[in-house]
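Following: one structure in structure tokens, then a few remarks.
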Amino acid sequence: MKTTILHKAAAVLLLGAAALNPAFAEHNDGTAPATYRPDVTFTLKTGIADGKLVFIGQNGKIRDQVNPDLNVPEGAVVQINLVNGDGAIHDIAVPDFGADSDNISGKGASTAIVFRATKKGEFKYICTLPGHVAAGMIGKLVVGGGGPVAAEPNGINVAQDPTAVGKPVGKRGPQTLTVNLETTEVVGQLDDGSTYRYWTFNNKVPGPFIRARVGDTININMANAKDSAHIHSVDFHAVTGPGGGAAVTQAAPGETKSFTFKALQPGLYVYHCATPMVAQHISNGMYGLILIEPEGGLPKVDREFYIMQGELYTTQPHGTPGEHEFSLERLLDERPTHFAFNGTMGALTKIHKMEAKVGETVRIFFGVGGPNATSSFHVIGEIFDRVYDQASLTSPPLTDVQTTTVAPGGATMVEFKVDVPGKYTLVDHALSRLEKGLAGILHVTGPENPAVFKAHGEIDPNH
Ligand SMILES: [Cu+2]
């Protein structure tokens, strides 16, 4: 709860900055503060060095520097995150730009200020608590000085598009296909104001949705990017053969490995990196789905979506601004800080929009990368007409299902017709995970259908 409150405090601060600073308000021109992206972001942590109270740089070029100079271009919107590293009460302020955070106390608590650096020159950033400047909590903000901008880069968007499902195979005969995968290690946007170093297939989490049919011969080329720091590989659950391919694809940075397999059995299968520590590679984002359609293809539907669930284990608590780091301890203890559909916080609520119209039939290809948590997949306000349990496409589907269990390294295919307009929230019904980011929204538009659902009053837009 604490982190949620702090997160809200940061959002209020953003509003405050907009109100205080006309230039900021102008630039912001109606954009919701929660989705606003600063031009440069610094993270500082309070601590003690040489017997003095200080700010310690946490990211990029200012990492481990005491009271680092913060160089920013003139006119930039600057965010400074402050993490409490010593447990005393602190804040962060740049008085010349009217930016002052709320007070934080307790180790790990965090806050942020955002302002526009409207004038050139040298200004101070300080902790405003009595005596703290004298104790050492003062540094320099240099605007337009031409010095190296030591801010953390904002991350790239790694959230996979849920509509990127490829073309149905239809009635075609078996073919030979080639799939090119690139394994990468990239700084991605985790949430508004925070980043994480993801490991991916083709820069997205999950990796590309691969679509083939039973009897196809599939060539897999897996290139590990030159700038990777780690070996990567790929294990397809659709492959019959050593390691599902992992035994022949362990690729060092800059290497490409290939193999060919025949799709023997229809189904919706997970693929993932299988390089030790496998759980770490999967958690960091290295998973995806391959669909092997049965002969004649799948029944036609109006909409198809590709969704995968995963967990992230970070040292920083959920909602902390700035750069999040992988926590081995949390991974081994199976205590995730973040749960995500399609890789990031807000991937399916803010970044990508899933839409359907009343009367249409929706199909979801749903898989769990994990690595550890079993999903209790559920769509609030809908009932699955058909569940292809455990993604078996050759068994008759279950009918009329509320919630379905999907194991890590497993998948399901669900279908339902949407009868009533509204906002349908996709969740794992282990709902603590909703508080850690696990949600998606299906927007259904079209005529009301009072015979199916009739409101006696206003519909709450938050549900
Ligand atoms: Cu890997």
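Straight-line reach from K124: taking Cα to Cα under 30 Å and skipping same-chain neighbours fewer than 8 places apart, the lysines in range are K2, K8, K45, K52, K61, K107, K140. Gain on full extension, evaluated as 0.36 nm per residue between N372 and T260 minus their Cα-Cα distance, stands at 37.4 nm.
So which trypsin sites (Lys or Arg not before Pro) in the range 365-463 are both in a DSSP loop and have at most 14 other Cβ atoms within 10 Å of their Cβ?
Working: sites: R386, K417, K423, R433, K436, K454; in loops: K454.
Sparse-neighbourhood loop trypsin sites (Lys or Arg not before Pro): K454.
Under 17 Å from a label point set 7 Å out along the Cα-to-Cβ vector of E122, the amide N atoms of the range 40-68 belong to 66-68. When +1 charges are put on Lys and Arg Cβ atoms and -1 charges on Asp and Glu Cβ atoms, the dipole computed for the chain relative to its Cα centre reaches about 560 debye.
At most 11 other Cβ atoms within 10 Å and a DSSP loop assignment: could you name the GluC sites (Glu not before Pro) in the range 360-442 that fit? Mind showing how you got there, number by number?
Details: sites: E360, E382, E415, E435; in loops: E360, E382.
Passing both the DSSP loop test and the Cβ count: no residue.
For the range 345-463, dividing the convex hull volume of the Cα atoms by the residue count gives 114 Å³ per residue. FRET efficiency for the pair N103 and R335, taken as 1/(1 + (r/R0)^6) with r the Cβ-Cβ distance and R0 = 30 Å, rounds to 0.55.
Within the same chain, aspartates and glutamates fewer than 8 places from K226 are excluded, and of the rest, those with a Cα less than 20 Å from its Cα are E182, E185, E255. Cα centroids of the range 101-151 and the range 192-262: how far apart, whole angstrom? If we compute the Cα centre of each part, the gap is 43 Å. For the chain, DSSP calls about 65 percent of its internal beta bridges antiparallel.
First select every other residue whose beta carbon is under 10 angstrom from the beta carbon of V165; then total the charges, Lys and Arg +1, Asp and Glu -1. Could you put the intermediate results ahead of the total?
On the way: positive: K167, R211, R303, R363; negative: D161, E304.
Surrounding charge for V165 is +2.
Of the residues G343, V114, V142, the one whose Cα sits farthest toward the positive end of the charge dipole of the chain, with +1 on the Cβ of Lys and Arg and -1 on the Cβ of Asp and Glu, is G343. Neighbours of V133, meaning other residues whose beta-carbon lies under 15 angstrom from its beta-carbon, give a summed charge of 0 when Lys and Arg score +1 and Asp and Glu score -1. Applying 0.36 nm per residue to the separation of T445 and T399 and subtracting their alpha-carbon distance, the gain on full extension is 14.1 nm.
For the range 105-248, the relative contact order is 19 percent, taking Cα pairs closer than 8 Å that sit 6 or more residues apart in sequence and dividing their mean separation by the residue count. A simple charge model with +1 on the Cβ of Lys and Arg, -1 on the Cβ of Asp and Glu and nothing else charged puts the dipole of the range 98-167 at about 180 debye relative to its Cα centre. Semi-axes of the equivalent ellipsoid for the range 176-298, computed as √(5λ) from the eigenvalues of its C-alpha gyration tensor and ordered from largest down, come to 25, 16, 11 Å. With the biggest extent put first, the Cα atoms of the chain measure 75, 62, 37 Å across the principal axes.
FYI, it's all coordinate maths here, none of it is from the lab. Just so it is clear, the structure is predicted and the values come from calculations on it, not from any experiment. Glycine gets a Cβ as well: all are built from the backbone with ideal geometry, and neighbour counts include every protein chain shown.
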